[in-house]
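Participant: Quick one: the structure is below, questions incoming.
The values are calculated or read from the model by the stated rules, or taken from the named source; none is laboratory data. Bear in mind the structure is a predicted one, so any value in this text is a computation, not a measurement. All Cβ positions, glycine included, derive from the backbone under ideal geometry; neighbour counts span all protein chains shown.
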Amino acid sequence: LPSKHAEVNGYFRLAEGFMAAATVNDHSMEIEVRRALSAGYYALLHVSNAWLAMRNVPLSRRGHHTALRDEIMKRRTPEAAAALERFFLIRKDADYRPGMFRSKPYFSDIVKFRLRAMDMLEEMRVEFEQYASDVRKQLAAGSI
Amino acid sequence: MTITMIEEKVRNAIINMLQSRKLTPFWVSRSSQFLDVGGGVFVELVVNEGSKLQEFEEVVAAVKAECKGLEIESIVRAVWVVESVRYIGLASNLGLASNHGIPLSADTLADTFEAILNSGSRKTGVRIDVTWDAFERLKEELRRESRAISDANLVEITKEKVNDFLVLQLSLGGTSYWDPLRYRDRVLNGPTMAYVALHSAAYRQLESAINYTLDQSEDNVLLPDLLRTLSNAAVSIHNAEDALQFLPAEAFGGAYMGGEVLENASGAYQKLSRDEKVLIKTHFQSRVEELEQLQPAIVATFPKAFRN
């Protein structure tokens, strides 16, 4: 089994990598926007997983999207869990629903899709930082 | 539209609980959704009173607990409208640069505006940083329209654009909605300003109403409404200018339009410039052509509405 430090560090490294990849620019096309939204959610999933691992929550209670959200609801706030659920649904739309772009609310308007995606990624970063600041502090202090 | 048993079960459980807790007056039923997503149900509850959000969330949590074993994915959101926008001044943190550790530039320096949004009796303030790059884009647009630019009118015009930007943000539903209670800070940058300034708010509202009404999703009730009305009035959908006046009022309110200011197609159409009128008719016609190509069954059901 990996040490707690190695596990937290491993998930956190993944989280930061996904967050760095979650970008949309003025020229991004539909698939690039979808990929960024998906990466943004996974960044959030991994950082919250690292945060829970740091608090000794067993993998069985954080190894699945739903179980992890339940733990976040108990250990942070219902609002934080609701935000995770919303970003999970965005990621599902981005990965699996062809109509996400062609139908409501974007109706194939790529500029609108990009602009709203940039804001949604910023919202994901706001959530991300709430976990990441704790994890960074603990890793830097060597207290894990 | 086929309603599956699990959709029905979740819908009934939620409606019963809303009734027992006297929450139905605050529920925007026509903008809410219950969708079978293959073994689970996606629920979107839209609320017209922000102070009741938590009670709606509690209803969804209770139904999730009651329907154990059934995966229910949910979004509970309020409809917000823009009440006011005011100019604050140079962004206190010198714009966005200090947040991201990047060099100061027109992309990152900003001026701050504050807006008050309301959802029924609940109000919330949001901060909008308008980057200097966005001001430059706006000035370009004003010069293109040969409009005078002074410091005073630039602030006033920017307030209008901030309002339009917020209306656009608040108009998106489903998973794309913006929760201004949790995410209070927005940035209006150059590319966004270019998009917002390109058309008037009235144009955006009419464009959005057309898109929602002519949407080909199975659960779109606005489309048969429009086609029935056109048939009864003996107006062809190919006569764009006349047909536009029959867009359903529902497409101009509630979750379709976050910061609604116009109530119907006629009001919105009258506010368009001459160029925008041409553009909106072209947009309508292209959506109708798409409908004819992809949905022959609908055309066959409403032959009068589609006659040339």
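Participant: Of the residues in the range B:160-177, how many are over 12 Å from the mean Cα position of the chain (by Cα) and more than 17 Å from B:R204 (Cβ to Cβ)?
Facilitator: 1
Participant: Does any residue of the range A:80-94 turn out to be part of a helix (DSSP H, G or I) and either over 19 Å from the mean Cα position of the chain (by Cα) or loosely packed, with under 14 Cβ neighbours inside 10 Å (or both)?
Facilitator: Looking through the range A:80-94, none of the residues is part of a helix (DSSP H, G or I) and either over 19 Å from the mean Cα position of the chain (by Cα) or loosely packed, with under 14 Cβ neighbours inside 10 Å (or both).
Participant: Sticking with this structure for a sec: Take the range B:42-57 and flag every residue that is part of a helix (DSSP H, G or I), buried (at least 16 other Cβ atoms within 10 Å of the Cβ) and not aliphatic (A, V, I, L, M).
Facilitator: The answer is B:G50, B:K52, B:E55, B:F56, B:E57.
Participant: Now for a different question. Within the range B:16-41, how many residues are surrounded by 16 or more Cβ atoms within 10 Å (Cβ to Cβ) and part of a helix (DSSP H, G or I)?
Facilitator: 4
Participant: Right, here's the next one. Does the range A:1-24 hold any residues that are free of Cβ contacts under 8 Å to residues at least 40 places away in the same chain and either on the phi > 0 side of the Ramachandran plot or not small (G, A, S) (or both), and which are they?
Facilitator: A:L1, A:P2, A:R13, A:L14, A:F18
Participant: Additional query: For the range B:142-156, state whether one or more residues are of a type outside the set (A, V, I, L, M) and crowded, with 23+ Cβ neighbours inside 10 Å.
Facilitator: Among the residues of the range B:142-156, not one is of a type outside the set (A, V, I, L, M) and crowded, with 23+ Cβ neighbours inside 10 Å, which makes the answer no.
Participant: Further, regarding this structure: Considering only the range A:113-144, state which residues are among the acidic types (D, E) and either surrounded by fewer than 18 Cβ atoms within 10 Å (Cβ to Cβ) or outside any helix (DSSP H, G or I) (or both).
Facilitator: A:E122, A:E129, A:D134
Participant: Further question on the same structure: So which helices (runs of 4 or more DSSP H) are wholly in the range B:109-207 and hold at least 2 residues that are closer than 30 Å to A:Y96 by Cβ?
Facilitator: By residue number, B:151-170, B:190-198.
Participant: Give the range A:16-31 a look and list any residue that's assigned to a helix (DSSP H, G or I) and in contact with a helix residue (DSSP H, G or I) (Cβ under 6 Å, 6 or more places away or on another chain), or say none.
Facilitator: Within the range A:16-31, A:F18, A:M19, A:A21, A:E30 qualify.
Participant: Could you tell me which residue of the range B:163-179 is nearest to A:R114 (Cα to Cα), considering only residues that are more than 9 Å from chain A (Cβ to nearest Cβ) and in contact with a helix residue (DSSP H, G or I) (Cβ under 9 Å, 6 or more places away or on another chain)?
Facilitator: By that ranking, first place goes to B:F165.
Participant: Restricting to the range A:100-112, name every residue that is crowded, with 22+ Cβ neighbours inside 10 Å and assigned to a helix (DSSP H, G or I).
Facilitator: A:M100
Participant: What's the total number of residues in the range A:69-98 that are under 19 Å from A:R114 (Cα atoms) and within 7 Å of another protein chain (Cβ to nearest Cβ)?
Facilitator: Going through the range A:69-98 one residue at a time, the tally reaches 4.
Participant: Let me spell it out: the conditions are (1) surrounded by fewer than 19 Cβ atoms within 10 Å (Cβ to Cβ); (2) more than 23 Å from A:L121 (Cβ to Cβ), and A:R76 meets all of them except one. Which number is the exception?
Facilitator: Against the list (1) surrounded by fewer than 19 Cβ atoms within 10 Å (Cβ to Cβ); (2) more than 23 Å from A:L121 (Cβ to Cβ), A:R76 comes up short only on (2).
Participant: Would you point out which residue out of B:E241, B:E250 is part of a helix (DSSP H, G or I), in contact with a helix residue (DSSP H, G or I) (Cβ under 9 Å, 6 or more places away or on another chain), more than 11 Å from chain A (Cβ to nearest Cβ) and closer than 30 Å to B:G50 by Cβ?
Facilitator: That would be B:E250, the only listed residue that is part of a helix (DSSP H, G or I), in contact with a helix residue (DSSP H, G or I) (Cβ under 9 Å, 6 or more places away or on another chain), more than 11 Å from chain A (Cβ to nearest Cβ) and closer than 30 Å to B:G50 by Cβ.
Participant: Of the conditions (1) within 9 Å of chain A (Cβ to nearest Cβ); (2) within 22 Å of A:F107 (Cα to Cα); (3) surrounded by fewer than 23 Cβ atoms within 10 Å (Cβ to Cβ), B:D185 clears all except one; give me its number.
Facilitator: (2)
Participant: Cβ contacts < 6 Å: first residue facing chain B (nearest Cβ under 7 Å) and more than 12 Å from A:A36 (Cα to Cα), restricted to the range A:106-131; second residue outside any helix (DSSP H, G or I) and at pLDDT 95 or above, any location; separation 6+ or different chain. Result?
Facilitator: A:E123/B:Y183
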